[in-house]
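The values are calculated or read from the model by the stated rules, or taken from the named source; none is laboratory data. Please read all numbers here as calculations on a predicted model, not as lab measurements. Reconstructed Cβ throughout: ideal geometry from the backbone, glycine too, with neighbour counts over all protein chains shown. Just so you know, the surface numbers come from the protein's heavy atoms only, side chains and all, with ligands and any DNA or RNA stripped out. Shrake-Rupley method; radii C 1.70, N 1.55, O 1.52, S 1.80 Å.
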Amino acid sequence: MERMERKNLVDNKAQTIARIKIKGTAFEVFVDTQKAMDFKKTKKGNIDQVLLFDGIFRDYKKGIRAGKDELENYFETDDHSEIAKRIVMDGEILIPLELRAKAREDKEKQIVEWLAKSCINPQNGLPHPPARIKSAMDEAGAKIDEVKPAESQAIQIMKLINKILPIKIEVKKIAIKIPATNAAKTYGIVKDFLVKEEWLS
């Protein structure tokens, strides 16, 4: 009965397995799908709120738990929370097809929006409409990864669709004067974008 209940839970798209393989040996935890995806993406939160069933498994569906010696041998600890965190962060979340398709669709929208806001047509200096970018992505057969950050994928996709649609990232240089009283607070925000800086008395 317990094994059947586990299988039914896994079949629910809101719940799934996160799995990691270490030296060819698999370890699994049973998680809330959305919470696990958010935890992996943001690296924030409490792993205990992500887990739906306590324990580290060799095979969750069959109810085979990993032994303490195995955990210490492969993870150098038997702390279930620490091991579960590593499995979710470094392993694979088996995302159900429905959620995977929705996540991919959302990611594609983010990429299209990023390209529309950050890029221009170098031939006339104007931005491309999102619909034109989406059409070029479809024509080029752009592959969307539902897990990777939108910006890093957008840069790769920009290179791909450039054969179909002239496109480049728009770069503008601006000068900012920051009063000395606000320098400490604002410098951390702008320092990554600085080409040149000059400190006045």
Please enumerate the residues belonging to the stretch 175-197 that are part of a loop (DSSP other than H, G, I, E, B), at pLDDT below 80 and open to solvent by 100 Å² or more (accessible area, probe 1.4 Å). Val195, Lys196
Looking at the stretch 151-167, is at least one residue more than 25 Å from Lys41 (Cβ to Cβ), open to solvent by less than 70 Å² (accessible area, probe 1.4 Å) and touching a Pro at 6+ places or on another chain (Cβ under 8 Å)? yes
Against the condition under 25 Å from Lys148 (Cβ atoms) and crowded, with 19+ Cβ neighbours inside 10 Å, how does Glu92 come out, does it pass? no
Single match in Gln34, Gln49 (criterion: within 30 Å of Ala150 (Cβ to Cβ), outside any strand (DSSP E or B) and at pLDDT 90 or above): Gln49
Kindly check whether there is at least one residue in the stretch 146-155 that is free of Cβ contacts under 8 Å to residues at least 12 places away in the same chain, out of contact with any helix residue (DSSP H, G or I) (no Cβ under 7 Å at 6 or more places or on another chain), of a type in the set (Ser, Thr, Tyr) and in a helix (DSSP H, G or I). yes
Does at least one position in the stretch 117-129 carry a residue that is open to solvent by less than 30 Å² (accessible area, probe 1.4 Å), closer than 18 Å to Phe27 by Cβ and either in a helix (DSSP H, G or I) or in contact (Cβ under 8 Å) with a residue 24 or more places away in the chain (or both)? no
